[in-house]
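A.B. asks: After the structure tokens below, expect a handful of questions from me.
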Amino acid sequence: MEDEDKYNVCTACSILCDDIEIETENNSITGVYTACRKGVSRIQTCNEPMPCTLDGKDTDVDTAISETANILKKSENPLIFGLGNSTEGAQKKAIELAKQLNANLDDTSSFCQGPVVEAILNGEINYTCTLDDVRNNADVIVYWGADPANSHPRHLSKYTYFPRGKYRQKGYDEDRTAIAIDVRESSTAEICGNNSYLIPPQKDEELIDALIDALSGKVPKVSFEMNKKRILELANILKKAKYGVIFAGLGLVYSLDNFEPIKRLMDKLNEVSNFYFNPMIGHYNMRGFNQNLFNETGYINRVKFKDSEVKHGYEYSVVELLKNKSVDSALIIGSDPMCSLPGSIARNLNKIPIITIDPCETLTSRKSRINIPSALSGVECGGSAIRMDGVRVNFEPMIETSKISDEEILRRVMEEL
Amino acid sequence: MANAMEIYQLLPKTNCKKCGKSTCMAFATALLSGELRLDDCPEILEDKYKQNYEKLSELVAPIENASETGMIIHEGKCTGCGNCVVACPVNVAEDPKGTGIGLAPKNDRVILKVVNGVVQKGNIHNCRRFGENKILCNACIETCPTKAIEFV
Ligand code: SF4
Ligand code: SF4
Ligand code: SF4
């Protein structure tokens with residue numbers, strides 16, 4: 001592209017839109033072009049920047065960093081958590097730090113898209129494709145338990161349904177079919193119109209098996225109210241797809257005990273037609289964290305380093321660690337567990353010293369012993385991230401800042417140790 | 001709001017046909033529907049009709065504005081998703097390498113684009129709903145997840 005340089009990357013969600021233009025005046029952003037509202041609100045930086053504090057009192061970054069090192073040094077079983085909103089550089093540093101400290105390391109994928117990403121990285125699912133492939137080829141797009149119109153606003157317009165693509169030149173109304181399967185009539189379902197299929201909660205597996213039956217020429221059966229004709233109709237669209245894609249949202253992942261049903265469906269679909277599978281990942285670099293940890297340890301989350309050993313399992317998930325009160329300090333990086341974890345579990349965080357590294361104030365930072373403000377990645381500092389489909393995206397800062405990146409903060413903590 | 005008779009009374013009433021309509025009354029109706037604009041009548045632009053021209057301008061201003069900006073964007077509802085931007089057939093035709101393939105616009109000929117997280121309209125005269133060969137295009141309305149676009 002002739003003027004690629006003028007474009008910036010939005011880091012407000014894991015589509016990492018790379019066609020954003022900005023206007024600046026005196027190092028502040030005065031105009032944002034092409035980013036959605038969600039993106040603009042991140043790019044315009046925090047409403048409430050986080051102050052640098054120690055025990056609730058203002059302090060300087062140097063003191064905060066050495067105090068952090070002190071706490072971590074004394075800690076016997078520290079937890080490092082977050083990193084979905086950090087650059088790959090910061091993630092790699094955090095992994096190093098966890099090794100050095102014999103710490104537990106986990107991220108939000110532990111209670112969201114983790115199982116799916118794991119299956120992809122393990123090669124258990126090899127039906128994946130990139131978003132660019134979807135734009136160029138896909139004629140049938142299925143959103144299952146996902147509502148990108150809210151979570152990833154430009155998903156449909158930049159990649160899946162609306163844009164023209166190499167082999168999809170005629171426009172969405174002729175060339176593509178978008179389908180929504182969900183427990184509620186979401187905004188995305190509304191766009192899908194007649195191709196929106198409502199199912200009761202927890203019935204995803206039943207529908208999967210009914211679809212497999214229909215695709216095998218058997219009569220589909222479900223225990224809930226859904227017309228056989230509707231199921232056959234859906235199966236028929238899937239069967240006729242030249243290039244189909246299923247985007248799995250949390251709705252689908254949460255309703256399944258394991259990954260088997262999805263594998264069954266993907267296998268069947270690829271017997272009768274041509275189908276791909278992709279998870280709808282939320283935080284802009286959650287996939288990056290999973291991938292970097294996987295490269296290092298063979299696991300995507302829930303690890304505990306012990307000397308040169310790596311332990312892994314449910315017992316090392318943030319939820320279990322806090323429930324069992326087995327950790328004695330927590331370093332939270334770019335995440336807000338007080339807000340995202342169930343109250344009864346999050347409460348246990350209050351009993352241990354918390355150190356928060358974040359650009360913005362959060363519920364967790366208000367309860368933290370130490371707060372170290374970091375540069376907002378993608379806006380105030382550059383780096384790289386892994387898009388939801390596994391593609392690496394590099395980005396430059398949009399404006400300058402005196403704040404240091406979380407990568408640099410972690411590096412300095414390690415220096416102090 | 002003006003009616004056709006009021007408008008007709010202020011026109012030259014010569015049925016000159018230069019506007020493409022067979023009578024001044026037909027021109028008055030065309031003005032009302034937004035199909036033609038006051039300046040499409042060459043005679044009314046002559047000096048001797050100056051006063052009438054001014055009165056007529058006032059009368060048709062709301063109509064002409066409505067045909068220019070009959071599109072209403074409810075900014076509070078718009079999420080900036082860009083569906084309308086990418087679906088608009090004019091955007092696709094004018095900007096096949098930008099909005100047509102889902103990317104940022106590559107030129108200024110597009111009708112819709114997203115600025116500061118909200119859709120913004122420009123070149124609205126190119127919209128398929130206006131002009132001589134107008135059609136009832138719904139692309140920007142039906143692709144919007146929040147019903148943020150409306151035409152009046
Ligand atoms: S869709 Fe996501 S990455 Fe793209 S502009 Fe919106 S928030 Fe940013
Ligand atoms: S009505 Fe059609 S041509 Fe006009 S702005 Fe909407 S999509 Fe574009
Ligand atoms: S489709 Fe609706 S919400 Fe999306 S940019 Fe257009 S007006 Fe805004």
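The values are calculated or read from the model by the stated rules, or taken from the named source; none is laboratory data. Note that the coordinates shown come from a computational prediction; the quantities given were computed from them, not determined experimentally. Cβ sites come from the backbone with ideal geometry, for glycine too, and all protein chains shown count toward neighbours. Surface accessibility is based on the protein's heavy atoms, side chains included, excluding ligands, DNA and RNA. Shrake-Rupley method; radii C 1.70, N 1.55, O 1.52, S 1.80 Å.
A.B. asks: Would a scan of region A:4-16 turn up a residue that is within 12 Å of chain B (Cβ to nearest Cβ), among the polar types (S, T, N, Q) and open to solvent by 60 Å² or more (accessible area, probe 1.4 Å)?
C.D. replies: No, region A:4-16 contains no residue that is within 12 Å of chain B (Cβ to nearest Cβ), among the polar types (S, T, N, Q) and open to solvent by 60 Å² or more (accessible area, probe 1.4 Å).
A.B. asks: Which residue pairs have Cβ atoms closer than 7 Å, lie 6 or more positions apart in sequence or on different chains, and pair a first residue in region A:95-113 that is not assigned by TED's automatic domain parsing to the domain that holds A:Leu252 and open to solvent by 10 Å² or more (accessible area, probe 1.4 Å) with a second residue that is among the hydrophobic types (A, V, I, L, M, F, W, C) and outside any helix (DSSP H, G or I)?
C.D. replies: From region A:95-113, the pairs are A:Lys99/A:Phe305; A:Gln100/A:Leu417; A:Asn102/A:Phe305.
A.B. asks: Could you please find all residues in region B:107-120 being at the interface with chain A (Cβ under 9 Å from one of its Cβ atoms) and open to solvent by 40 Å² or more (accessible area, probe 1.4 Å)? Explain how you work it out, then say what you get.
C.D. replies: Within region B:107-120, the first condition is being at the interface with chain A (Cβ under 9 Å from one of its Cβ atoms), and the residues that meet it are B:113-118.
Correct list: B:Lys113, B:Asn116.
A.B. asks: Would you be able to tell me the number of residues in region A:17-41 that are open to solvent by 50 Å² or more (accessible area, probe 1.4 Å) and either within 16 Å of ligand 3 (Cβ to nearest atom) or within 30 Å of A:Arg366 (Cα to Cα) (or both)?
C.D. replies: Within region A:17-41, residues that are open to solvent by 50 Å² or more (accessible area, probe 1.4 Å) and either within 16 Å of ligand 3 (Cβ to nearest atom) or within 30 Å of A:Arg366 (Cα to Cα) (or both) number 7.
A.B. asks: Hey, another quick one. Looking only at region A:326-348, which residues are among the β-branched types (Val, Ile, Thr) and within 16 Å of A:Arg369 (Cβ to Cβ)?
C.D. replies: Taking region A:326-348 first, the residues among the β-branched types (Val, Ile, Thr) are A:327, A:332-333, A:345.
The answer is A:Val327, A:Ile332, A:Ile333.
A.B. asks: Next question, about the same structure. Among residues belonging to region B:121-134 that are away from chain A (no Cβ under 14 Å) and open to solvent by less than 90 Å² (accessible area, probe 1.4 Å), point out the one that is nearest to ligand 3 (Cβ to nearest atom). Spell out the reasoning first.
C.D. replies: To start, the set of residues in region B:121-134 that are away from chain A (no Cβ under 14 Å) comprises B:121, B:123-127, B:129-134.
Pick out the ones that are also open to solvent by less than 90 Å² (accessible area, probe 1.4 Å) and you get B:121, B:123-124, B:126-127, B:129-131.
Working: B:Lys121: 10, B:Asn123: 16, B:Ile124: 14, B:Asn126: 17, B:Cys127: 14, B:Arg129: 15, B:Phe130: 18, B:Gly131: 22 Å.
Looking at the filtered set, the residue picked out is B:Lys121.
A.B. asks: Is at least one residue of region B:82-94 open to solvent by 40 Å² or more (accessible area, probe 1.4 Å), of a type outside the set (Gly, Ala, Ser) and either within 15 Å of ligand 2 (Cβ to nearest atom) or farther than 16 Å from B:Phe151 by Cβ (or both)?
C.D. replies: Here is the first cut: in region B:82-94, the ones open to solvent by 40 Å² or more (accessible area, probe 1.4 Å) are B:93-94.
Now narrow it down to the ones that are of a type outside the set (Gly, Ala, Ser): B:94.
Narrowing further to those that are either within 15 Å of ligand 2 (Cβ to nearest atom) or farther than 16 Å from B:Phe151 by Cβ (or both): B:94.
Yes, because at least one residue in region B:82-94 is open to solvent by 40 Å² or more (accessible area, probe 1.4 Å), of a type outside the set (Gly, Ala, Ser) and either within 15 Å of ligand 2 (Cβ to nearest atom) or farther than 16 Å from B:Phe151 by Cβ (or both).
A.B. asks: In addition: Would you kindly identify the helices (runs of 4 or more DSSP H) lying entirely within region A:125-222 that contain at least 3 residues that are within 14 Å of chain B (Cβ to nearest Cβ) and open to solvent by 40 Å² or more (accessible area, probe 1.4 Å)? Let's see the steps before the verdict.
C.D. replies: Working: elements: A:131-137, A:148-151, A:172-175, A:187-192, A:204-215.
By residue number, A:131-137.
A.B. asks: Checking the conditions here, which among A:Thr11, A:Thr63 is outside any strand (DSSP E or B) and more than 17 Å from B:Ala104 (Cβ to Cβ)?
C.D. replies: On the way: A:Thr11 fails: more than 17 Å from B:Ala104 (Cβ to Cβ).
Every option except A:Thr63 fails the conditions.
A.B. asks: Also: For the list (1) on the phi > 0 side of the Ramachandran plot; (2) within 21 Å of the chain's Cα centre (by Cα), I need the number of the one condition that A:Gly56 fails.
C.D. replies: (2)
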